[in-house]
1. For the stretch 60-66, what does the Karplus curve 6.51 cos²θ - 1.76 cosθ + 1.60, with θ = phi - 60°, yield as ³J(HN,Hα) per residue in whole Hz, taken in order and with x for Gly and Pro?
2. What figure, in Å² to the nearest 10, do you get for the accessible area of Thr47 with a 1.4 Å probe and non-protein molecules left out?
3. Near the amide H of Asp60, under 5 Å away, which other amide H atoms are found, from residues 5 or more places off or on another chain, if H is placed in the peptide plane?
4. Need one word for the stretch 45-84: rounded, prolate or oblate. Basis is the Cα gyration tensor (sqrt eigenvalues a ≥ b ≥ c); a/c below 1.5 gives rounded, then a/b vs b/c decides.
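The values are calculated or read from the model by the stated rules, or taken from the named source; none is laboratory data. In this text the structure is predicted, and so the values were computed from the model without any measurement. Note: areas computed on protein heavy atoms with side chains; ligands, DNA, RNA excluded. Shrake-Rupley method; radii C 1.70, N 1.55, O 1.52, S 1.80 Å.
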Amino acid sequence: MNTRALLLGGISALLLGGTMVGCAANGGSLASAGDRSGVAAAKGAATNAGKAQTALARRDGGAAIGYAEGAVALMPQSAEYRMLLGQSYLQGGGSRPPRRRSPIRSRCRRPAARRR
């Protein structure tokens with residue numbers, strides 16, 4: 001009985017440890033087909049960010065806003081791209097109305113106005 005319990009405990013520890021190592025080897029997440037789309041999104045966001053920086057250097061705020069919005073739409077968690085978008089808005093002067101919902105805005109709904 002002791003041998004069986006010891007063997008079962010060892011196998012369980014081996015399986016649990018193997019899954020932890022497998023997850024940590026990929027940055028803490030499981031590998032999936034979605035990783036490829038994440039890499040493509042990161043590459044596209046970097047391209048858009050580079051174009052936005054070039055447009056900012058040329059003092060073309062309107063073009064910089066478009067490229068920076070594209071970068072933030074692809075990688076919304078990137079603080080660097082959000083900062084670039086803010087700089088683009090500042091340089092653009094807010095003269096261009098947003099084409100779509102701003103990627104910076106929260107996805108939360110606003111509370112309904114109170115009726116009196």
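1. Once rounded to whole Hz, the list reads 9, x, x, 5, 5, 4, x.
2. 70
3. none
4. Details: a/c = 2.05, a/b = 1.98, b/c = 1.04.
Prolate shape, in that a/c is at least 1.5 and a/b is the bigger ratio.
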